[in-house]
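Beneath this line is the structure, given in structure tokens, with notes to follow.
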Amino acid sequence: MNYVRTAILLAALTALLMGLGYLLGGETGALIAFFVAAATNFFAYWNGDRLVLSLHGAHEVDEHTAPELVHIVAQLADRAGLPMPRVYLMDNPQPNAFATGRNPQHAAVASTTGLLDMLSPDEGAGVVAHELAHIKNRDTLIMTITATIAGAISMLAQFGMFFRHRDNHDGPGPIARVLITLLAPLSAMVVQMAISRTREYAADNLGGRICGSPESLASALAKIDAGAHEIENVSAEQNPATAPLFIINPLSGRGLDNLFSTHPSTENRIAALDQLAQEMGLPPYEGRDGHDGRHRDGPSLS
């Protein structure tokens, strides 16, 4: 059902782009918007991962430069039945992480240095498992395509301020152009938010199963959420369309780009993980009572 909902939302996002093109340029505009969507999807499929990693200044690491991180990624990838992804580090004090890549054979997991500094080994393993779940579910391609289409809608809406309909000399009036410029990107943001929320819950569930410790992932989410509110992520603020890729919304919330959260409530995600822990016969997350999110049988970064 999650995949059907995601497909419907992606179709809605593409239809929004084409509808915007038609509103601004009639049939010709809709055709141009269609080719823009096709071109952005093609680019995202082949180059989206490299672009996203570059935007956030990520550099690849190996067993010599980041042995603990690479070890846990390899261990959990094997447990998940996935090929070993490339591993990247971002020199960023905010605790956060994301995965990218067009398929499991061409995937990457990127972590900030802040995440390694602030999380316990088992919490870090929970985050890695969550990102591997995105790869296994092929969310990395979905979210990259979503971000590129949303970016194209915003770009086309900006052009609409200066565009005159060829079939109508009057074209959209000044008020209509302003409304188009504001409402189209906001509509794209709402759809992008819905897609992201659907995929995050699924990745939490599978990630908790992969690491064998849903409570460790829940503890990690609580710490990352707190850190994201206190520590600015400069590269994410400069590239807000990439925010849905992160495990927790990296934006500060000071600007319009964070008017709608692209992630589910952290409390709701923790509640879902508590339910999963109960199903697995494991203790729930009890961070408020001093629980540190560590699970003796889970994998470790150390």
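None of the figures in this text is laboratory data; all of them are computed from the coordinates on show. All values reported here derive from a predicted model rather than from experimental measurement. Here the Cβ is made from the backbone with ideal geometry for all residues, glycine too, and neighbour counts use every protein chain on show.
According to a simple spin-label model (label point 7 Å from Cα along Cα-to-Cβ), what is the distance in nm between A38 and N103?
Going by the 7 Å Cα→Cβ label model, 2.2 nm.
Looking at the square roots a ≥ b ≥ c of the eigenvalues of the Cα gyration tensor of region 48-114, which shape do they give, rounded for a/c under 1.5, prolate if a/b is larger than b/c, or oblate? Spell out each step's value before the answer.
Values: a/c = 1.90, a/b = 1.19, b/c = 1.59.
Oblate.
So for F98, F35, fewest C-beta neighbours within 10 Å to most, what's the order?
Fewest-to-most Cβ neighbours within 10 Å comes out as F35, F98.
Sorting check: for 241-248, 114-121, which peptide has the highest mean count of neighbouring beta carbons within 10 Å, and how do the rest follow?
Most protected by this proxy first, the peptides run 241-248, 114-121.
Quick one: which residues, 5+ away or cross-chain, put their amide H under 5 Å from the amide H of V61? H built at 1.01 Å from N.
Close amide H contacts, sequence-distant or interchain: V87, Y88, L89.
Which value in nm describes the separation of the simple spin-label points at M280 and A74, placed 7 Å from the Cα toward the beta carbon?
2.3 nm
Would you please classify the overall shape of region 83-162 from the alpha carbon gyration tensor, given that a ≥ b ≥ c denote the square roots of the eigenvalues, rounded means a/c under 1.5, and beyond that prolate means a/b larger than b/c while oblate covers the rest?
On the way: a/c = 3.15, a/b = 1.72, b/c = 1.84.
In terms of gyration-tensor shape, oblate.
What FRET efficiency comes out for Y201 versus Y45 if R0 is 25 angstrom and r is the Cβ-Cβ distance? Round to the nearest 0.05.
Between Y201 and Y45 the formula returns 0.50.
Within 14 Å, Cβ to Cβ, of N268, how many net charges do the neighbouring residues add up to if Lys/Arg are +1 and Asp/Glu are -1?
After counting each charged neighbour, the total is -3.
Can you tell me what share of the DSSP beta bridges in region 1-113 is antiparallel? A percent to the nearest 5 is fine.
In region 1-113, DSSP labels about 65 percent of beta bridges as antiparallel.
What list of ³J(HN,Hα) couplings, whole Hz, do you get for region 41-51 from phi and the Karplus terms 6.51, -1.76, 1.60, once you set θ to phi - 60° and write x for glycine and proline?
5, 5, 5, 4, 5, 8, 10, x, 5, 5, 5
Between S265 and T65, 0.36 nm times their residue separation minus their Cα-Cα distance comes to what?
Taking 0.36 nm per residue and subtracting the Cα distance, the gain is 68.5 nm.
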